[in-house]
Amino acid sequence: MAVRNTASLLAGLLLVLFHTWRAWAALEVYMNDTVEVALKGTAKITCRYTSEEGRGSMDIQWFFRKGTGERHKICEQVGMMTTINRTSPYANRISVNDTETPAEVALSIRDVQLSDEVDFICRVKSISEDHVEGHTTLKVFGKPDHPTIEGVTTGISVNADSLSKIGTCEVRNGYPKPKITWYKNTTPLRNTDNVNVETSTTSESSGLFSVKSDLTMKVDRKDKDATFYCEVNYYLPGTNGIMMMMETTKINITVIYPSTFVDFWIESPKGRIKEGDTVELRCRGDGNAVETYSIKDLKNDDVTWEVDKVVLENVTRLDSGEYECTLTNIDIYEEFSNRTAVFVNYLDEAVLNPSDTVLMDKGDTITATCNALSSLQTNTAWFKNNKKMSKDHSLILEAATFDTSGTYLCVVTVPEVEGMETRGSLHVHVKGKPEIQEKDINEIETSDETIILSCHAKGYPTPKITWTTSEGKVINSGSQMETDSGAKSQVTVQLTSDVTVFCNASNEFDSDSVSFNIKVKITKSETPNPSKEKKESKGVVIAVIIICILLLAILGSVLYFLYKKGKICNRSGKQDITKEKSSKDNIVVEMKSDNTEEAILLGVNGDKTPPGDQVEI
């Protein structure tokens, strides 16, 4: 009994182990749920199976199915032989190969299209077991073109009654459908009461998607500096569901907004204004809508300019006062005003006391004052011949002399305003008889034919200067000009001999004179020297004789040379002058010497004439 129970127990245990082994060794297939691939790329779909049987006993079939529709066979592998279904759309684009992983095959699909986004089924069957299958869904992704943006070119008013269009973004040829998001600065825009984003999608003939998005919104003046752009999000294979991103360029819009206040100021000159300046007043609002301006002189109701800029030329103190600028917004009929004050600084003409001309006696003392009314603090100074005489409004002249005479210039300036000054002149004359500044007697020696004499006489009334000679002759060519302290004269004197010239100065008080004693130097010229001239003549004669002797010697040497060479005719006798051999051009010259009886005749033609043929001339 015990043995039978033990046998039954062992049999049951063996049955359990057999079924467990059968369950563990059963044929199974493993595939990925999805495989992602880029458009035009190559997809690789793997199929892994478990079986105790070898690869040669396996029958592997591939199918595709759209949605829940009918499945279509692509190919079949029996053992190591592959059969492709030539009626399948994948016939020319697939390959089936074992991978490096045991019990795994891969279906590769080249040039993937959007139509390839279907389920792929791998069915595996062994000799001893029924078929088992798995499936993978192929996901295809197409990267879109770079997005574009186009903004409106017209101005957008903040007072528009409805939402205003900002621009349009577009992205083309993406798969799956790309997503567009609008941004203002760095803030994404969503649909609200003041913002509306309207998106439309177009399915192209290629199956790709193009998306367009229009943005309309209510703008305000802060949007004048805002930038707008679009962000496009899309998927690519292998990104684990994370969307990729591209951005458009950034655009700005022109916002038309009215002013909320008006500014009014003096454009020029900068700083204080003085009489004679050109003053420019400017008026401007803080908006850019259609607005009008007017500028008014508040002290004169009749003066109004319908402009935003006024130029006041050559202003005076009468132009001082308040001016008002008024801005009117045409769209909303709203006005804004502002005022500015114009103050024209002035400096009156200098007032001198005493004024113009002052007569003084020698030794007198006077005090002159100089003042000018001004709207600003002034400085006063007195000058004579560019030398500062006083740095106060008062000028004190003590113990007057002729040198005190002259023109004193009073200059009143305003230190705060460059170029603002006024001037006045005081002419001072010191009365007295003439005093000639040159010494009483002046000795001059010259060899020139003319001489210029100068004479300076101090005194007032201005002395009259005349020129005379020791014979009492008046020289009328003198010129006279006034100086600060009197007069100065110059005269040109023609000199033929020694002469004395007098400078005479006189006025109502008395007269004065000085003399110029002029001595004329005579330049001695050289007198003839007969003995020197005689010696020079004798020297010339001797030189001529020497030259002649040298010429004769040279001529004699030439003739002797010609004679020796036979170039001169023989000595056979005299030749008749009437012979035909002689011509009228043969002029014969007889040359004789005291130490020879032979005469040599030389013709012009160079022939030597014998003594027998000599002819006396």
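Data for the structure
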{"item": "Global size of segment 40-104 as Cα Rg and Dmax, reported in angstrom", "result": "12.9, 39"}
{"item": "Inter-label distance for ILE266 and LEU373, nm, one decimal - labels placed 7 Å from Cα along Cα-to-Cβ", "result": "2.1"}
{"item": "Pairs beyond 19 Å (Cα-Cα), from LYS44/LYS139; LYS433/LYS488; LYS388/LYS433; LYS184/LYS250; LYS388/LYS431", "result": "LYS388/LYS433; LYS388/LYS431"}
{"item": "Spherically averaged projected area in nm², based on the convex hull that wraps the Cα atoms of segment 182-238", "result": "5.6"}
{"item": "Centre separation in Å (Cα based) which lies between segment 167-186 and segment 215-250", "result": "6"}
{"item": "Global size of segment 347-477 as Cα Rg and Dmax, reported in angstrom", "result": "21.0, 68"}
{"item": "Potential lengthening between GLU335 and LYS564 on full extension [0.36 nm per residue; Cα-Cα distance subtracted]", "result": "68.7 nm"}
{"item": "Alpha-carbon centroids, segment 398-440 and segment 87-160: separation in whole Å", "result": "111"}
{"item": "Å² of accessible area per residue within segment 247-320, as computed with a 1.4 Å probe and no ligands counted", "result": "56"}
{"item": "Fraction of accessible area attributable to carbon and sulfur, segment 217-300 (%, probe 1.4 Å)", "result": "50"}
{"item": "Two-site label geometry, MET243 and THR186: point separation in nm, points 7 Å out along Cα→Cβ", "result": "2.0"}
{"item": "Normalised convex hull volume, segment 22-181, alpha-carbon set, Å³ per residue", "result": "181"}
{"item": "5 Å-binned pair-distance histogram of segment 148-305 (Cα, whole percent)", "result": "2, 7, 13, 14, 12, 10, 8, 7, 6, 6, 5, 4, 3, 2, 2, 1, 0"}
{"item": "Rounded D (µm²/s) - segment 267-342, Kirkwood Rh over Cα pairs, Stokes-Einstein at 10 °C, 1.306 mPa s", "result": "120"}
{"item": "Area accessible to solvent at HIS456, 1.4 Å probe radius, in Å²", "result": "40"}
{"item": "Cα-projected label distance for ILE441 with SER394, points at 7 Å along beta-carbon direction, nm", "result": "5.1"}
{"item": "Sequence ranges 149-159, 215-225, ranked by mean other-Cβ count within 10 angstrom, highest first", "result": "215-225, 149-159"}
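The values are calculated or read from the model by the stated rules, or taken from the named source; none is laboratory data. Keep in mind that what you see is a predicted model, and the values were worked out from it rather than measured. Note that we place each Cβ from the backbone using ideal geometry, even for glycine, and neighbour counts take in every protein chain shown. To get the accessible areas, we keep the full protein, side chains included, count just its heavy atoms, and leave off ligands, DNA and RNA. Shrake-Rupley method; radii C 1.70, N 1.55, O 1.52, S 1.80 Å.
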